[in-house]
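Single-structure report; data block below.
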Amino acid sequence: MDTPTTCSNVGRQNPVESPVHIERRWPADGYTRIPYWVYTDAAVFQKEMDVFFAGNTWNYLGLDCEVPEVGCYKRNWIGTRPVIMVRTENGEIAVLENRCAHRGAQICWQNTGKVNDFTCPYHQWNYDLNGNLQGLPFKRGVMGKGGMPRDFDPKQHGIRKLRSVNRGGTIWATFSDEAPTFEEYCGPEVLAEIDQVFPGKKLTLLGYTRQLIPSNWKMYIENLKDPYHATLLHTFYITFGLWRADSKSENYPIPNSGHSVMISHNEGKKVTEATPEMQRFRTDLEMLDRETVTPKKEFNGGRVGGAWVFPAAAVGIQANTLKTRHVIPRSPTEHELVFTYYGYEDDDEDMTRRRLKQANLLGPAGFVSMDDSEMLTQCQIGATGYPHEAGIIEMGGRDTERTDYMVSEVLIRGFYRYYIEAMGF
Amino acid sequence: MSNEISPRELRAELRDLYEDYALCLDEDRLEQWPDFFVEDCHYRVLSRENHDAGLPIGLIYCMNKNMLKDRVTALRETTMSEPRSLRHFISGVSLRERKEDTLVSQANFAIMESLSDRDPMLNMVGRYLDTWRHTSDGWKLSSRDCVCDNYRVRTSLIVPV
């Protein structure tokens, strides 16, 4: 991303006339501190929705295998804005606002489905799959009376279609006409991570898990940018060598963006000099079903991890489980977290079983991620009570340089370095 | 569904099995939870969204009894979670099909969750879709799909359904 987004250069769809004004001062220590009001302040939340989600960013919609045929649609949200992705007659996927041009009702009120066209349930305004208004009841009135004004032009009142892109089967969209191309937006490192797990092979949808976590959306982003906690909190990971402080790893905060890449290697169960400090390491713990914790080497000799695509999506692999993560902010103190699990069309039965089985590690009941949603709840309660205090982000130093070791908060610093500038603090 | 009307004793036995299962979880006797299943069992908690779309992913997906035991080990030994108490309310037990040593049944469940400093909340509501197998040790679950109506899980799903 070349220029940081601010309230003054966002597109016509944004409230440029009345940008959110925030009377807040970031702590003098800059991006090594996170003031707790960023997790509670309603004005901050609204500005994030405008500047990021509705601004010059590309946002995750879903996988093309979720809408396999013409007319198949899927509902989703970009920030707090409801949207739809739909397969159109030419085989491409269009992304539309899920909002009737007439009175604002959602034109889709099911998560997925298949239609010939869209009809708003309220006054039956009818749109084609590209969002063009095709007709509306009583346009010429009833018995010669009423109707829409003669100069009402249906072409001016379609559903807004967003710029969108299909990268290896992942669908992304932006509300902005000024945003750079998706490829420029991501940059080569993030793009390489997307391309690794979406190499253009046909995808098979395995399903979704969804959870509502009572914490600010950024807390989840930070959690995924925090390998420090993963090496301590998640005993399960540590014990079975799926993610350890002493594994070969890399943290790369992409400069001038909120993106990051985090890589580790599945190295199996082992004891090293770092083990005593991992207090939750359990040498005596064994799984009866070894396959749950024994991934088949799939990419570059057990390389796992992936990329955060700012603002709210992550792609990557954990064990043999392929998934996207999507964060939907619901309010300053709540976010929804959606995992979409998939495989490749050429997966054999053995690999499909591993992808499904190792998904037990992830999601709302995941051996390693149920700890996260539990802890984020605690962080929100603590932060809400002390909005004037701040978190300390100094593990691994005070800089934002990429690291070749795991125990570092550099990705969180990189994120807030970008955030402070983009939000104008 | 079979046309023959099942004996009253069998229905009573089935209801007892559901009550015993609920009590086992409510009393946090997790180590005994796998005993309700046969070795080659299938146990899965999945959303109605995935179930209706024929998507296989589970919130919890155990493909054999060892995986049930592993989940108990993980909950006891490795997981950090806020202390809570649960109450299972099971109703609408219905015998759908009866063969020689197999029963197909279903029941509704509602699970209330109470954390130590908050009001009880409806954590999950849904249906058990079950197949039981008669063994020398009585009826055991060979397959249980817990299909929850919840669109999304509240925070986390810690204890099995």
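Based solely on its DSSP helices, what 222 nm [θ] is calculated for chain A when runs of n ≥ 4 H residues each add -39,500 (n - 2.57) and the sum is averaged over all residues, nearest 500 deg cm²/dmol?
Numbers: 8 runs with 80 residues, N = 425.
Per the formula, -5500 deg cm²/dmol.
Between A:T80 and A:A28, what is the spin-label point distance in nm, taking each point 7 Å from the Cα along the Cα→C-beta axis?
With each label point 7 Å from Cα toward Cβ, the separation is 3.5 nm.
Once you charge only the Cβ atoms, +1 for Lys and Arg and -1 for Asp and Glu, what is the size of the charge dipole of chain A about its Cα centre, to the nearest 20 debye?
1300
Take every Cα pair under 8 Å in chain A that's 6+ residues apart, average their separations, divide by the length, and report that relative contact order as a whole percent.
21 percent.
Averaged across the residues of A:284-292, what count of C-beta atoms belonging to other chains lies within 10 Å of each residue's C-beta?
Shielding by partners across A:284-292 averages 5.
Please list, in order along segment A:155-169, the HN-Hα scalar couplings obtained from phi with the Karplus expression 6.51 cos²θ - 1.76 cosθ + 1.60 (θ = phi - 60°), rounded to whole Hz, x for Gly and Pro.
With coefficients 6.51, -1.76 and 1.60, one gets 4, 8, 10, x, 7, 5, 9, 8, 4, 9, 8, 10, 10, x, x Hz.
Once fully extended, how much extra length lies between A:K145 and A:A105, figured as 0.36 nm per residue of separation less the alpha-carbon to alpha-carbon distance?
Extra length available between A:K145 and A:A105 comes to 11.8 nm.
Only Cα pairs within less than 10 Å get springs; with that Gaussian network setup on chain B, which residue of B:E82, B:E113, B:E19 has the largest fluctuation?
Fluctuation is largest for B:E82.
Taking amide H positions as placed in the peptide plane 1.01 Å from N, state which residues far from B:R154 in sequence (5 or more) or on other chains have amide H under 5 Å from it.
Amide H neighbours of B:R154: A:L212.
Past the 31 Å Cα-Cα mark, which pairs from A:K114/B:K140; A:K296/B:K99; A:K161/A:K296; A:K297/B:K140; A:K218/A:K296; A:K114/A:K155?
A:K114/B:K140; A:K296/B:K99; A:K161/A:K296; A:K297/B:K140; A:K218/A:K296
What's the Kirkwood radius of segment B:2-148 in Å, using all Cα pairs?
Computed over Cα pairs of segment B:2-148, the Kirkwood hydrodynamic radius comes out at 16.3 Å.
Measure of size requested: the Rg and Dmax of the protein assembly as shown, with Cα atoms as the atom set and Å as the unit; please supply both.
Calculated on Cα positions, Rg and Dmax stand at 25.4, 87 Å.
Evaluated at 10 °C with a viscosity of 1.306 mPa s, what Stokes-Einstein diffusion coefficient in µm²/s does segment A:22-154 have when Rh comes from the Kirkwood expression over alpha-carbon pairs? If you can, show how the numbers build up before the last one.
Numbers: Rh = 17.8 Å.
Estimated diffusion coefficient is 89 µm²/s.
When a footprinting reagent is the concern and you count Cβ atoms within 10 Å, what order do A:W26, A:W58 take, fewest first? Spell out each step's value before the answer.
On the way: A:W26 18, A:W58 28.
Final ranking by Cβ density, sparse to dense: A:W26, A:W58.
Using only the Cα atoms of segment A:188-422, build the gyration tensor, take square roots of its eigenvalues as a ≥ b ≥ c, and label the shape rounded, prolate or oblate: rounded if a/c is under 1.5, else prolate if a/b is larger than b/c, else oblate. If you can, show how the numbers build up before the last one.
Details: a/c = 1.42, a/b = 1.25, b/c = 1.14.
It comes out rounded by the Cα gyration axes.
Given the options B:C24, B:C148, B:C41, state which has the largest fluctuation in a GNM of chain B using a 10 Å cut-off (strictly under) for Cα springs.
With Cα springs under 10 Å in chain B, the top fluctuation among B:C24, B:C148, B:C41 is at B:C24.
Can you give me the relative contact order of segment B:48-135 as a percent, contacts being Cα pairs under 8 Å and 6 or more apart?
The normalised contact order for segment B:48-135 reaches 21 percent.
Calculated FRET efficiency, A:R160 and B:R76, Cβ-Cβ r, R0 56 Å, to nearest 0.05?
The computed FRET efficiency comes out at 0.60.
Averaged across A:353-364, how many Cβ atoms of other chains sit within 10 Å of each residue's Cβ atom? Don't skip to the end; give the middle numbers.
On the way: counts 3, 0, 2, 6, 6, 1, 6, 10, 1, 2, 8, 12.
The shielding value for this peptide is 5.
Order these by the 10 Å Cβ neighbour count, fewest first: A:I22, A:I107.
Listing A:I22, A:I107 from fewest to most nearby Cβ atoms yields A:I22, A:I107.
Once you average over the residues of A:208-215, how many Cβ atoms of partner chains fall within 10 Å of each Cβ?
6
Can you give the convex hull volume per residue for the Cα atoms of segment B:33-101, as a whole number of Å³? Intermediate results must be reported in sequence, preceding the final value.
On the way: hull volume 10.9 nm³, N = 69.
Measuring per residue, one finds 159 Å³ for the Cα hull of segment B:33-101.
If the elastic network links every pair of Cα atoms under 10 Å, which of A:G158, A:G305, A:G385 fluctuates the most in the Gaussian network model of chain A?
Of A:G158, A:G305, A:G385, the Gaussian network model singles out A:G385 as fluctuating most.
At a Förster radius of 30 Å, what calculated FRET efficiency corresponds to the Cβ-Cβ distance of B:R8 and B:Q32, to the nearest 0.05? Provide the component values of the computation, followed by the final result.
Details: r = 28 Å, r/R0 = 0.92.
After rounding to 0.05, the efficiency reads 0.60.
Just want to confirm a number: the relative contact order over segment A:129-200, from Cα pairs under 8 angstrom separated by 6+ residues, in percent.
Relative contact order, segment A:129-200: 25 percent.
Quick note: the coordinates plus some simple rules give every number you see, no bench work behind them. Since this is a predicted model, take the numbers as computed values, not measurements. Cβ atoms come from the backbone with ideal geometry, glycine included; neighbour counts cover every protein chain shown.
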